[in-house]
Amino acid sequence: MIKTLILCFFAFASAAHAMGPWNSDCHGTTPCEIGERSYHVLEPEGWDGETPLPVLMHFHGWSRTGKHAQNSERIGASTVRRGVLLVTPNGANKTWDFWQAGTEDVAFGDAVLADVAKRYPVDADNIYVSGYSYGSAMAWRYACHSGNDVTALLAIAGSISQSETCEEAPAIVRHVHGLDDTVARLPLADGDTAPLRLWRTRLGCGESTPGGSWQAREFLTLERTNWDCADGSVTVDLHPGGHFVPHGWIGRQLDELLGLTPSYP
């Protein structure tokens, strides 16, 4: 549904673009308003004002706002260098309702992406959803109910119950987690020592294969595991640390998904 809305808005806005450049009255620290809710948007460096933009919608962590992710060298700095439009919704009372199906925050996410498509030329084939901690759980919840038109879920240190049955799913799921995370533990299910059972089951995944190790900074090595699935792919990167956004993780995922040479930051 979201991709259809974006394509419709893009067609309308493309006609309007002939009369003048793209322009949004809200970006950076000035929020875009949707009723009583809001979100922030950060344009990439060197954008020509015409080329359709890949979009990363990132859900912030507990007690934060969308501005925090934009100011982060591990989120905002990674998108501006890669030609990606960063969209960061603001949670009500600085948090998210991801606990069960039917949450209004899923509809809010839909409304944010639709509003972005009215303001910017959007590459509807490259829409990514991410989040950290509570925001990662919200990204899982969003993908569970509006994931069919999402290109990839990029989740950091947070999830929902592995017993959930998801109506929808993105074809690509990528998740990173610290083995020493005591705030939000690695998403395992009873009797299953492999992570991300919800998505492996939903996408029809087979046996796992090692994806090797990699690092953006010398002090943190991530070990990758891949699953090839009937309806997509699942990847998990595990590291020995705790509850944080690893240096270079978002940037590397975007590089790989967009066919760019991996770089840091």
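Okay, here's what the table says:
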{"read-out": "Among PRO240, PRO31, PRO54: highest mean-square fluctuation, GNM of the chain, C-alpha pairs under 10 Å", "value": "PRO240"}
{"read-out": "Three principal axis lengths of the chain [C-alpha, angstrom, descending]", "value": "59, 40, 36"}
{"read-out": "For region 120-246, size of Cβ-based charge dipole, Lys and Arg +1, Asp and Glu -1, in debye", "value": "220"}
{"read-out": "Cα gyration tensor shape for region 183-265, rounded if a/c is under 1.5, else prolate or oblate", "value": "oblate"}
{"read-out": "Relative contact order for region 191-261, counting Cα pairs under 8 Å that sit 6 or more residues apart, in percent", "value": "25"}
{"read-out": "Rounded to the nearest 20 debye, dipole of region 14-119 from Cβ charges on Lys, Arg, Asp, Glu", "value": "300"}
{"read-out": "Rounded Å value of the spacing that divides the Cα centres of region 205-265 and region 25-50", "value": "28"}
{"read-out": "Net charge over other residues, Cβ less than 12 angstrom from the Cβ of THR95 (K, R count +1; D, E count -1)", "value": "0"}
{"read-out": "Within the chain, helix-based [θ] at 222 nm, where runs of 4 or more DSSP H residues each add -39,500 (n - 2.57), nearest 500", "value": "-8000 deg cm²/dmol"}
{"read-out": "Between 0 and 90°, nearest 10: helix 134-146 axis offset from the chain longest Cα axis", "value": "70"}
{"read-out": "Translational diffusion of region 55-115, µm² s⁻¹ [Kirkwood Rh, Cα pairs; Stokes-Einstein; 37 °C; 0.692 mPa s]", "value": "269"}
{"read-out": "DSSP-defined antiparallel bridges as percent of all bridges, region 145-228, nearest 5", "value": "60"}
{"read-out": "Most positive-pole-ward Cα, GLY76, SER146, SER63, against dipole of region 63-205 from beta carbon charges", "value": "GLY76"}
{"read-out": "Added length on full extension, which subtracts the Cα-Cα distance from 0.36 nm per residue, ASN226 to ALA189", "value": "11.5 nm"}
{"read-out": "Percentage relative contact order, the chain, counting C-alpha pairs under 8 Å, at least six apart", "value": "16"}
{"read-out": "Overall form of region 28-91 per C-alpha gyration tensor (a/c, 1.5; a/b vs b/c)", "value": "oblate"}
{"read-out": "Label-point gap, in nm, between ARG217 and THR95 - each point 7 angstrom along Cα→Cβ", "value": "2.9"}
{"read-out": "The chain - charge dipole about Cα centre, Lys and Arg +1 at Cβ, Asp and Glu -1, debye rounded to 20", "value": "380"}
{"read-out": "Degrees separating the helix 104-119 axis from the principal Cα axis of the chain, which is the longest one", "value": "40"}
{"read-out": "Global geometry of region 26-182, whether rounded, prolate or oblate, following the gyration tensor of its Cα atoms and the 1.5 cut on a/c", "value": "rounded"}
{"read-out": "Surface share of carbon and sulfur [accessible, 1.4 angstrom probe, percent] for region 161-265", "value": "46"}
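The values are calculated or read from the model by the stated rules, or taken from the named source; none is laboratory data. For clarity, every value in this text was computed on a predicted model and none was experimentally measured. Neighbour counts run over all protein chains shown; Cβ positions are idealised from the backbone, glycine included. The protein model used for the area step is the full one, side chains on, heavy atoms only, and it has no ligands, DNA or RNA in it. Shrake-Rupley method; radii C 1.70, N 1.55, O 1.52, S 1.80 Å.
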